[in-house]
Amino acid sequence: MTVAPRAKSSTYAGLFLVTLATLFYELLLTRIFSVTMWYHFAFMAVSVAMFGMTVGAVIVYLRPERFRQEDVEADLAKHSVWFALGIVASFLTHLSVPFIGKATLLGIWSLALSYLVIAVPFVFSGIAVALALTRFPRQTNSLYAIDLIGAALACIAFVFLMRHADGPSAVFAVASVAALAGVAFSLGTRAGRTRLLGVAATVVFAVLAFVGVERAAEQDPLVRLTYVKGAVEPPPLWEKWNSFSRIAVFGDPKELSPPSGWGLSNTYPKNKRTKKQLGLNIDATAATVMTDFEGDFEKADHLRYDVTNLVHSVRTDADVLVVGVGGGRDVLSALVFGQKHVTGVEINDDILRALTQEFGEFTGHLERRPEVELVNDEARSWIARTDRKFDVLQVSLIDTWAATAAGAFTFTENSLYTLEAWELFLSKLSDRGVLSFSRWFFPDRPGEIYRLATLANAALRARGVEDPRQHVIVATHLITGGIPGVLDAAGVGTMLVSREPFTEEDLNTFDRQVNEKEFNLVISPRVSKDALLEEFLTTRELDAAVARYELDVSPPSDDRPFFFHMLRLGDALRTELWRQGDMSFNMKAVALLFALLGVVFVLTLACIVVPLWLTTRRGELQGSLPLFLFFGAIGVGFMLVEISQMQRLVVFLGHPVYGFSVVLFSVLLASGLGSYSTQLGRTGRSDDAGFGRLVLLLVVLVVFGFATPYAIERYAGATTNVRIAVATGLLLPLGFVLGMAFPLGMKLAGAKRDGLTPWLWGINGATGVLASVCALAISLGFGITTTFWSGSACYVLALGAYAAAKKLAPRATSA
């Protein structure tokens, strides 16, 4: 009988490094996918990583003769090095092939191919992790704890490295860490060639990472992105990556117009256009412009003819707050209108760097003017903390589509378009204050303007306003007239929401400005040209009015902060509803979510479930249903709980980086400690103790579910550090109890059906893969709270399955 070996310190070190590299690369892929593909594919990185690692675990189970006990440390070293090589190879392959982001047969094939290519390195990581956690049974719990702690620290390492590196250089850095894991595993073994290859890979990738960082700082990247959103991208003038965006500036300061396709330059009459502009985009999607300014406001007079600046015509000598500084256009506009003070709040410090440093001479160093104050912070949390009141609060076309690891359907702009946010904004207006929101406008289906109207209706009524129409004006300006069947008419619509009813003087001013500047006044206290818009703005039966409309234009809330996604889940495949002009990709995102779910389901069946089913004797599965239910339930439950908290805390913490890093770090670190705790106190019946721990898990989930909304409301206006501390304090006990479920189940399975542990591992991974996509669908359709309680319900099912599994008679099985 072979005695199970004990893991050495080098084994712990290797596992720590390989799991750190795995989660780091997963987080990095969310950034890369948001640039090379579309933001709504970025969350695919989560399911890709889980899928690949589960396939790796299944391979270990299916090929026992290939992974012999006496060779375990050599196999750990070998597959860690292959993981490193696979990272670089799959990444370069991904960059070499343009992505087809369409809901067509070819588009779905492109999606599946990208999924498989990116999954390859995670298969090697999965093999290494599976070997480490199954070949040292006496130390499984402590190894699992190291696994989770390594992953937790990856969150901090990711945020730090992305302050200094571009995306491709960070890929080389993480590959170097993965190769170093192979070196650690190889210590004390005879795997000399593997160790040599690991050392070489570590050094080469580290050098490439270092050179890449240096060259990126000099704007000459070692690896430049070629295909972006399926098209060839020209070299930018300036490029900077960080942990939640990639900023790029295009154009020529000497040219008289910005690059084609930069719509903001076209929101005013042709004879009033600026002479010199540079285009600035975020993740190759959201665009703004930086205007050449030499201190002469007359040369920037074109900004007076922009519909987004209509508010400045009626509120003069105002204290202005601009949300989303971008290229400085709204700040400059306020100065052109002679406003007395302008405060600009920008979440992205690299955008401020571009505006004030890299291109400060071009933009006229607006930050140096005494009447201008630029703040690097998330706008909503900054507004909640400030005691100031503003005459104008302007939010113009804020939509970066920058995905984070919190999930692609959660990003910072969503927190600006919720009922709770608008109630806050209105409370920070002076008595004559006006809230100005501008969105893209499509006459045939003005979904975003309609949604702004329902938001205004709900927010004003929450303040006790009986007739919202007296407080609202909507004006639009078409940029393109459209070509029937070819190109939708498109423009910009601006909604002004006043704290107090607009006066007759205000309305006279608006009428003059609209006529002079050839805008279209759609609705005001005097005018109504759109019956649906009027209904959404004035009805007391808002739910009924929204239900009758073909799109979901209900006012978003912090629980469903998805302003830009208006397709109901049941209408996802109704292609006639996808048309929303240039914003149609938002409508298609829900359909593509279902396409991805189908791809993930098929690949999970083909690569995980079917191989296990075909290689297991049916007799070995009999009577094991409670164990299958347990591991499936905790796989789904963990992902639903984790993703729901990422989505919720992005809004609360006010920053995408804080959202995902705080959740992942806290939950994974605490889960590691919770896992380790299950090997302590082994007196008495371990399955009885396990049942008690699972009951504790449910109690903590219930307390967390009710305490979190209260804490979020209570500390919404606190400083960032306090909010991070509150979030961490809530998450640590939750993570601790969540980390106990898997090792408790494996301990019980080992006592009842020892040969089925790879099966159970596969079920847990497969359900987690599917749940990572389903969590987003649930949140979109029913809200973040529903996603959380659905995950909690899975743990209730897991408790029942555990109780049933305890009653199983022990039976040895052969793998």
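Annotations for the structure displayed:
- Peptide packing for 116-126, 559-569 was compared via the average number of neighbouring C-beta atoms within 10 Å per residue; ordered from the highest value, the list is 116-126, 559-569.
- With the simple spin-label model, which puts each label point 7 Å out from Cα in the Cβ direction, the V722 to K229 separation comes to 4.0 nm.
- Charge tally around N520: other residues with Cβ under 12 Å, Lys/Arg +1 each, Asp/Glu -1 each, net 0.
- Nearest-0.05 FRET efficiency for D252 and T503, computed from C-beta distance (R0 56 Å): 0.75
- Pairs with C-alpha atoms separated by more than 31 Å, drawn from the list K229/K428; K254/K517; K240/K340; K8/K806; K276/K428, are K229/K428; K240/K340; K8/K806; K276/K428.
- Take the range 273-336 with all the other protein chains still there, run a 1.4 Å probe, and you get 27 Å² of accessible area per residue.
- Candidates per GluC sites (Glu not before Pro) in the range 527-570, loop by DSSP, up to 10 other Cβ within 10 Å: E541
- Relative packing of 322-329, 721-728, which averages over residues the other C-beta atoms within 10 Å, highest first: 322-329, 721-728
- Among A84, V60, L105 - extreme Cα towards positive end, dipole of the range 58-125, charges at beta-carbon: L105
- Surface composition of the range 698-815: carbon plus sulfur atoms hold 71% of the accessible area, using a 1.4 angstrom probe and ignoring ligands, DNA and RNA.
- Positive-end extreme of charge dipole, the range 289-385 - chosen from V342, A300, M290 (charges on Cβ): V342
- When both the range 359-375 and the range 177-197 are represented by their alpha-carbon centers, they are found 53 Å apart.
- Its alpha carbons give the range 142-230 an Rg and a Dmax of 15.6, 47 Å.
- Each peptide among 72-80, 91-99, 163-171 gets the average number of other Cβ atoms lying within 10 Å of its residues, and from highest to lowest they stand as 72-80, 163-171, 91-99.
The values are calculated or read from the model by the stated rules, or taken from the named source; none is laboratory data. Here the structure is a predicted model, which means the values were calculated and not measured. All Cβ positions, even for glycine, are placed from backbone atoms using ideal geometry, and neighbour counts span all protein chains on display. Heavy atoms of the whole protein, side chains included, go into the accessibility calculation; ligands, DNA and RNA do not. Shrake-Rupley method; radii C 1.70, N 1.55, O 1.52, S 1.80 Å.
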